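Engineer: Sending over a structure as structure tokens; questions will come in a sec.
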């Protein structure tokens, strides 16, 4: 465990943030446990750690959204522990949210004006416009100034949040999992943005799972584990540390950062020679769909055969989750057909599609927090009689033993990884013919992703037909037979996974540069 | 100077009455907890139950106290289409629209009651309504005991339904995350419709009991609406046992206030307690994991 | 913003401006030409304008700041009682008394704000409802304010024309306040608080102050309106001045007219008062029919009458322009 000598002496102004004995308790659960952290001024500092480590809680405590149970926080040497969030913002603490929360019914420019007018209500209109435009240009949003925030895709929303925080002239910028849900090209853009803001005067704290961002932006970092500071130090050293790897990085990211030379063996599934003669289970033709005014899917055709595992890839805003929602019924298609198992389900509401056999493991898990683990599972076993329900329950408990241990616990008490296991288990309880796994690795540490994908591999081997929507391209291609790439609401490319995996040009074209983020 | 005996009687009656009030509040609590709907028509559903009981007695001589379940079912069934056609289509417009619709329903029904049943004060006359029961040193009206037992019984049944049946599971899931519930096969629209009907049925059953114990007019519903809101907030929205405890607490406090300060202060004390709880602990006095 | 949304917004704004002009045209003549309107018409005018003031105030609070209150009665009642007290015991002129009554309402708002703002959403609505009722019961039981019988005004009763002029003055103040409030920088802060209070705090918005300011302004207007109502009735008592009907009628007007739209409350208030007049011959059915209209309107025109007119006018504009929207 690498440590750092506590800086004693009067040079507390060396650090933009110092926490002393910081603790946050929720009833019996200790989210942040006696953390002493010193974040140096003027640098980009990273905070990493597995799920449930307390990273977002820490951000909430520093930004003022949460009140500490005990301990103090010093900002530039001043104790701000009791200061409410708005006051901290006025003193230059800006933050972004894990899931962006712009003011959805305001334009991009108005979002920035909120920050401006609350601090300087009497600023002249011209000055205001200048400052807003300057920040918009700086964050690459100049063209979208009059767009309603609701219509922005994910990366734009993240930029908007950064821009909004920049309007505060922050001395400290907290970026909370800003890389989540972005693909490679978008991550590069984000890293550029961070570099442009890191001017030596503004301190930036990056809380991240996407290791690439941490590696390329942060000089130093701290590792959190179960609410306590586990390690800290120079980035490369910390990431190479064996113990850190054990708790967090899993085997997948040992030593080198290129995702090609991974140590774990790709599962050896060969394409079944009889595959082409298998029945088509799901056929989608010319499907269009969207939310409100926005058209997201512009004409999707897809065929999935029984027993196939198909990966759905693509940039953000391309429509992957919309496609999942349209297939499962949460979103009604505006055109085209969806035929499942010979039946036209295009106009069927989602609960009836489940009964037909389409199961959707939704993005963000969406487990029922006030129901127990077992109730969460049982609720999905509609109409099955007792013995069948029991059998399925047992199968899922075998697949995920952790769920069996926690079966009487309420959903709220599960960690992120356990919630994902529950969500996967729940999607299997109805004995579905097709399961759509929507971004199951979002926000999870690599070691947890390993476990989940092992489970998925077992399901695949047992013959389950699945659609896998994934940001982590490598994992998806390792698991799937075929991959289809969505671009601007249509499939631009589809082919065997092995081809996609090895064809660098294809990947760069459609998964790298292919996405402008609109 | 109020005698100790009077206080003891008052606490006991308040306790029992509170249990009955809890039944009247139960429907409101469930609907609020599951559908996030402020049902301003709750009071008229209550009074509707009282009227049905009244006319049932008049027409057939059957004591409404044994016909509580059918009365509840009738009102619940009548409430189903209201939810289906008037409230369900409004869910996407935010919480004010359905709330105002329930208000519209409330004033329409109240007006119709006045039109057809006249504004006269009514009461379901039963002999046992005035008979006192002596429990040791304390004297309470016998009908309060009946009402209390019945109310607690119904509350227990509803709790059992919500906690242990698959419908109850669907109900709780719909309360937490309707989108995810639909994705696992729950017919959320049906759940909402049935929840609303259940709420109306409970209100009507409670209303019948109220009609036996007290008198009522078409306008009485509004008073009970407010009291019931107080109970729901005290006990926690959607928390079934919390509603029972909240009701009893309110009943006792109101009774004591009436006996010590004067009748006019009964409702005031209730409201002040309500406001205090809202200010200090709006999620209710009890943390429950019901709907 | 899509073209469709932009068109709709423009259409609604046109309707709004038209509404503003129409209203001015309707009410100003009553002042300018003294004997133009009959006593009855003056009284109707009074009612309409008073309701507009209440509805506008409530719209500012709920439609623009997101604070959906069912406690308007508290402020109407406070204003009413304060006015009667002032006129009975001091010799100050009526407009000043109305102003002080308004300030009393704002003071009440400031006092209850810390408690009531801790409640979010649904709880806030229910909490304000309870507040109104609690005040009413307090007034019934506490003898200093006349208890259940209330208080009577001991000064000369006003003429209909006098009332008309006073309420017109209040209406002007209201309209100016609303126009400033909804187009100013404050309105951006209000909307931010309404949309996402926590995110607003995180960018430095002192949400409490924004809400308090809006609450106090709205309460001032409502109390001033209550004061004028008391002046008209020359008497106050708890059921009438603190009654639930104030809270709910105001809500109904704004929803019927269009919540969060600039002239929604005006249209709603006019509609409700005119409907009441139309049904004056059928007192038994008046309430039921109002309720039915409310239900139907909410069901089929959830953005209120103004929103409906906006949709119709944008549809017409499209037809006339021959623009073919997908």
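Engineer: For the range C:76-223, what does the relative contact order come out to in percent, with C-alpha contacts under 8 Å and a separation of six or more? Show your work: numbers first, answer last.
Structural biologist: Working: 101 pairs, mean separation 60.4, N = 148.
With pairs under 8 Å counted, the relative contact order is 41 percent.
Engineer: Oh, and also: Rounded, prolate or oblate: pick one for chain C, where a ≥ b ≥ c are the square roots of the eigenvalues of its C-alpha gyration tensor, a/c under 1.5 means rounded, and failing that, prolate if a/b is larger than b/c, else oblate.
Structural biologist: Because a/c hits 1.5 or more and a/b fails to exceed b/c, chain C counts as oblate.
Engineer: Can I ask one more? Connecting C-alpha atoms closer than 10 Å in a GNM of chain B, tell me which of B:55, B:216, B:93 has the biggest fluctuation.
Structural biologist: Between B:55, B:216, B:93, it is B:93 that shows the largest mean-square fluctuation.
Engineer: Then there is this: Counting other beta carbons within 10 Å of each Cβ, put B:92, A:201 in order, fewest first.
Structural biologist: Working: B:92 8, A:201 11.
Starting with the residue having the fewest Cβ neighbours, the order is B:92, A:201.
Engineer: Per-residue mean of other chain beta-carbon atoms within 10 angstrom of the beta-carbon, peptide C:127-136? Walk me through the numbers on the way to the answer.
Structural biologist: Numbers: counts 8, 1, 7, 12, 4, 2, 13, 9, 2, 3.
Mean inter-chain Cβ contacts per residue within 10 Å come to 6.
Engineer: Looking only at other chains, what is the average number of their beta-carbon atoms within 10 angstrom of each beta-carbon in B:107-118?
Structural biologist: The per-residue average across the peptide is 4.
Engineer: Still on this structure, I have one more. Regarding the protein assembly as shown, what whole-number volume in Å³ per residue does the convex hull of its Cα atoms give? Provide the component values of the computation, followed by the final result.
Structural biologist: Numbers: hull volume 234.3 nm³, N = 1135.
So the per-residue Cα hull volume is 206 Å³.
Engineer: Stretch residue C:142-residue C:179 to full length: gain in nm at 0.36 nm per residue minus the Cα-Cα span? Provide the component values of the computation, followed by the final result.
Structural biologist: Details: separation 37, 0.36 × 37 = 13.32 nm, distance 3.97 nm.
Going from the current span to full extension adds 9.3 nm.
Engineer: Moving on to the next point. Any idea how far the Cα center of the range C:258-280 sits from the one of the range C:49-104, in Å?
Structural biologist: Centre-to-centre (Cα) distance: 19 Å.
Engineer: Using a Gaussian network model of chain B whose springs link C-alpha atoms within less than 10 Å, name the residue from B:258, B:19, B:185 with the highest mean-square fluctuation.
Structural biologist: Result for chain B, Cα springs under 10 Å: B:185 fluctuates most.
Engineer: For the residue pair residue B:149 and residue C:110, what label-to-label distance in nm results when each label sits 7 Å from Cα along the Cα-to-beta-carbon direction?
Structural biologist: It is 5.8 nm.
Engineer: Would you mind ranking C:144, B:164 by Cβ crowding within 10 Å, fewest neighbours first?
Structural biologist: Lowest count first: C:144, B:164.
Engineer: Next question, about the same structure. Expressed in nm to one decimal, what extension gain is obtained for the pair residue A:120 and residue A:70 from 0.36 nm per residue of sequence separation less their Cα-Cα distance?
Structural biologist: Full extension of this stretch gives 14.7 nm more.
Engineer: Can you grab the distance from the C-alpha centre of the range A:463-496 to the C-alpha centre of the range B:232-257, Å, no decimals?
Structural biologist: 55
Engineer: So how far, in whole Å, is the C-alpha centre of the range B:193-211 from the one of the range A:299-341?
Structural biologist: For the range B:193-211 versus the range A:299-341, the Cα centre distance is 44 Å.
Engineer: Something else: Using a 7 Å offset from the Cα along the Cα-to-Cβ direction at both residue A:352 and residue B:138, what is the distance between the two label points in nm, to one decimal?
Structural biologist: 5.5
Engineer: Among rounded, prolate and oblate, which fits the range A:47-114 when a ≥ b ≥ c are the square roots of the eigenvalues of its C-alpha gyration tensor, a/c under 1.5 means rounded, and a/b larger than b/c means prolate?
Structural biologist: Here the range A:47-114 falls in the oblate category.
Engineer: Now, a different point. Can you pull the mean other chain C-beta count within 10 Å for peptide A:228-239? Working shown, then result.
Structural biologist: On the way: counts 0, 0, 0, 0, 0, 0, 0, 0, 0, 0, 0, 0.
Counting Cβ atoms of other protein chains within 10 Å of each residue's Cβ and averaging gives 0.
Engineer: By count of other Cβ within 10 Å, fewest leading, how are A:361, B:202 ordered?
Structural biologist: Listed from fewest to most nearby Cβ atoms, that is A:361, B:202.
Engineer: Can you tell me the relative contact order of chain C? Whole percent, Cα pairs under 8 Å, sequence separation 6 or more.
Structural biologist: Relative contact order here is 32 percent.
Where a number appears in this text, it was derived from the coordinates with a stated rule and is not lab data. These numbers were taken from a predicted model, which means no experiment stands behind them. So basically every Cβ, Gly included, is an ideal-geometry build from the backbone, and we count neighbours across all protein chains shown.
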